[in-house]
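Following: one structure in structure tokens, then a few remarks.
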Amino acid sequence: MKIAVIDIGSNSIKMIIANTDKGMTIEKELKDYVILNEKVNNMLTEDKMHEAITTLIKFTHECEDVNKIIAVATEAIRSSANQQDFVDKVKQLVGLDIRVLKGQEEAYYDYFATINSMKIADHDLIIDVGGGSTELILVKDGNIEHSVSLPFGVVTLTDMFNLHDELTNIQENELKNFIDVSFDKLDWIKNINCPNLIGIGGSITNIGNIHLAKNKNGLQLSPTNSISSKEFKEIYNKLKHKTNDERLKEKGLSKEEVNFVVCAAQIVTILIDRLKIKNIIFSKNGVREGLVYKEIESY
């Protein structure tokens, strides 16, 4: 059976086509950068909706031999005042039924993808830094002990603190204070000690790509790749005071993520310091893969 999963995010629309005849094999991956988080009065603009619909039409043309298409949307859509208008337009023009995930559902599918694709230690913390939201999932005995979806991501924070180029000390402190206040509201995160942080999302995994390009001749990132917290922070400290043009000279960093990678890295760095995290493990699996694994479970 072939399943296509389309994930309509805050700064990109992604699709995988998975063959589930023997476990899960990803046969195709597509990604278009459509920044739906650029709203007016908390409403998706007609231009952005048209851009998203154009991408969705293109993606569905790749699904001729697919048995099932699952389309989901996350923070950019769920927080929009005209959410239903967008859902209706997609149904009418593309023929897709979009399921708008709640924050806790998004966190769950991140978790489900992770436990089905890699070994998880007790009290490992999963983080998915997206464009418009950030999910944190604490795992104990293979189950979710705590999870939360925070209503900010690299796109919203980059715009909020004008992090579009070289990071100043003032900007770094302002962002840190904002993140610290948000984490302080989570009682469960205050007293935990996490050996590993499992990072999901392009802005985080780009740090892994930079590390691989420097140390392993550009091998492809896989769920087993990890670096020490010290190495992660060294990359963050190297990138934060560079301009975007200077950052792009770093092998492994994609031009689409150059504007957001430092913001994501600072969120991770704050968690490293707060929770005494020793290792960062990079995972390419997230919501899309979690939805496929859930389909397999239902067979």
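To keep it simple, each residue is scored yes or no on (1) among the hydroxyl-bearing types (Ser, Thr, Tyr); (2) free of Cβ contacts under 8 Å to residues at least 24 places away in the same chain.
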position	(1), (2)
76	no, no
85	no, no
89	no, no
92	no, yes
111	yes, no
115	no, no
122	no, yes
130	no, no
Query raised in the report: residue 157 passes all but one of (1) open to solvent by 10 Å² or more (accessible area, probe 1.4 Å); (2) touching a Leu at 6+ places or on another chain (Cβ under 9 Å); which number fails?
Result: (1)
Query - Answer residue from region 267-299, given it is part of a loop (DSSP other than H, G, I, E, B) and of a type outside the set (Phe, Trp, Tyr) and is surrounded by the fewest Cβ atoms within 10 Å (Cβ to Cβ) among those - result: 298
Report summary line: Residue pairs qualifying under the 9 Å Cβ cut-off, at least six apart or on distinct chains, with the first in region 17-29 being more than 14 Å from residue 116 (Cβ to Cβ) and the second being in a loop (DSSP other than H, G, I, E, B), are 17/62; 17/63; 17/65; 17/66; 19/1; 21/1; 28/62
Query raised in the report: Mind checking which residues of region 252-282 are of a type in the set (Asp, Glu) and modelled with pLDDT of 90 or more?
Result: 257, 273
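Take the residues in region 127-136 that are in a strand (DSSP E or B) and touching an Asp or Glu at 6+ places or on another chain (Cβ under 6 Å), then tell me which one is most open to solvent (accessible area, probe 1.4 Å).
The residue in question is 128.
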Report summary line: The number of residues in region 138-171 that are touching an Asp or Glu at 6+ places or on another chain (Cβ under 6 Å) and either β-branched (Val, Ile, Thr) or in a strand (DSSP E or B) (or both) is 4
Query - Scope region 214-250; condition farther than 19 Å from residue 129 by Cβ, of a type in the set (A, V, I, L, M) and modelled with pLDDT under 85; matching residues - result: 219
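Table: residues versus (1) open to solvent by 80 Å² or more (accessible area, probe 1.4 Å); (2) among the aliphatic types (A, V, I, L, M); (3) over 15 Å from residue 256 (Cβ atoms).
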site: 4; (1), (2), (3): no, yes, yes
site: 15; (1), (2), (3): no, yes, yes
site: 25; (1), (2), (3): no, no, yes
site: 35; (1), (2), (3): no, yes, no
site: 41; (1), (2), (3): yes, no, yes
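If you take the residues in region 49-74 that are free of Cβ contacts under 8 Å to residues at least 12 places away in the same chain and within 19 Å of residue 3 (Cβ to Cβ), which one is surrounded by the fewest Cβ atoms within 10 Å (Cβ to Cβ)?
Per the criteria, the residue is 64.
The values are calculated or read from the model by the stated rules, or taken from the named source; none is laboratory data. Computed from a prediction, not measured in an experiment: that's the story for all the values here. Virtual Cβ from ideal backbone geometry, glycine too; neighbours counted across all protein chains shown. In case anyone asks, the SASA skips ligands and DNA or RNA and just uses the protein heavy atoms, side chains included. Shrake-Rupley method; radii C 1.70, N 1.55, O 1.52, S 1.80 Å.
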